[in-house]
Amino acid sequence: MHIGLIGGIGVAATVVYYQRLTAAVERLGGKLDLTIVHADVHELIRNNLADARAEQAAIYAPLIDRLRAAGAQCAAITSLGGHFCFEETRAISSLPLISAVSPLDDFFAAERLARVGLLGTRVVMRTGLFGQLRKTEAVVLGDEIDTIGQAYQDMAVAGRCTEAQRALFLDAGRRMVEEHGADAVVLAGTDLNLAFDGQETGYRVIDALDVHVGLLARLATGAVTPGDLEAA
């Protein structure tokens, strides 16, 4: 299956999606057919903070049309924060839209994780992954959502992580585990690999990007179809 990605939100996250999806498809013994379009991260941030769902969906729709014109058979948004308008986008999408959020609940349950700490955008943390976790409890540092969210936004726009930002994220994860009983910390922001890759944290870290990439790789190799996901 030809996979279409809405990239650019941010650029670093798009690069990681490309790298990991290529590797995942290769491990499955398949050949990747992929097209990426570029969205504007600043536009997404403004709409996300304003909860302008219809407006952002209207931006995604023509990008998805371009993916379809290039031969893509499904589309995915390379930003968990960018999923704030997922339902609005799916309603007007010309391609099946593959969520990065909905597979996470089943993944956490399969891993027997009762509580997970969330790091990501303000909206992701405030809403506990848009209220879509039903089998697992979400933990956040409520008083620090704005600080962590701003640090994440700055990192995503810059495409690099400062040492101060890295220390902030790593410490937030530690406290969610040690003080709030999280069984694991979820990187619920696709740019957080910039902070966590290669780091020894002392606690379990789950990159939500990898769960999404795993699903996209199975779609790319024909192991599952969008129809299978809808039936589930």
Fill in: the range 36-118: relative contact order as a whole-number percent, Cα under 8 Å and 6+ apart
29
Practice prompt. Between beta-carbons, use under 11 Å as the cut-off and find the net charge around residue 161, counting Lys and Arg +1, Asp and Glu -1.
Written response: -2
Worksheet entry | Integer Hz, Karplus 6.51/-1.76/1.60 couplings in order for the range 125-130, x for Gly and Pro | 6, 4, 9, x, 6, 6
Practice prompt. Take the alpha carbon atoms of the range 188-224, find their center, do the same for the range 79-144, and report the distance between the two centers in whole angstrom.
Written response: 14
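So what is the relative contact order of the chain, in percent, for Cα pairs below 8 Å that sit 6 or more residues apart?
Numbers: 412 pairs, mean separation 56.6, N = 232.
Dividing the mean separation by the residue count of the chain yields 24 percent.
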Practice prompt. State the label only: which of (i) 7, 27, 32, 22, 10, 1, 0; (ii) 8, 35, 38, 18, 2, 0; (iii) 8, 29, 28, 17, 9, 5, 3, 2, 0 corresponds to P(r) over Cα pairs in 10 Å bins from 0, in percent computed from the shown model?
Written response: (ii)
Worksheet entry | the chain: calculated mean residue ellipticity at 222 nm from DSSP helix runs of at least 4, using -39500 (n - 2.57) | -15000 deg cm²/dmol
Discussion item. Between residue 27 and residue 134, what's the calculated FRET efficiency when r is the beta-carbon distance and R0 is 35 Å? Round to 0.05.
Written reply: 0.70
Fill in: Selected from 69, 24, 220 as most flexible by GNM, with the chain as the system and alpha-carbon contacts under 10 Å
69
Worksheet, complete the sentence: Residues meeting the amide H criterion for residue 206 (H placed from the backbone, H to H distance under 5 Å, 5 or more places apart or on another chain) are 185, 186, 187
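Quick note: the coordinates plus some simple rules give every number you see, no bench work behind them. Not measured: the values here are computed from a predicted model. Cβ: placed from backbone, ideal geometry, glycine included. Neighbour counts: every protein chain shown.
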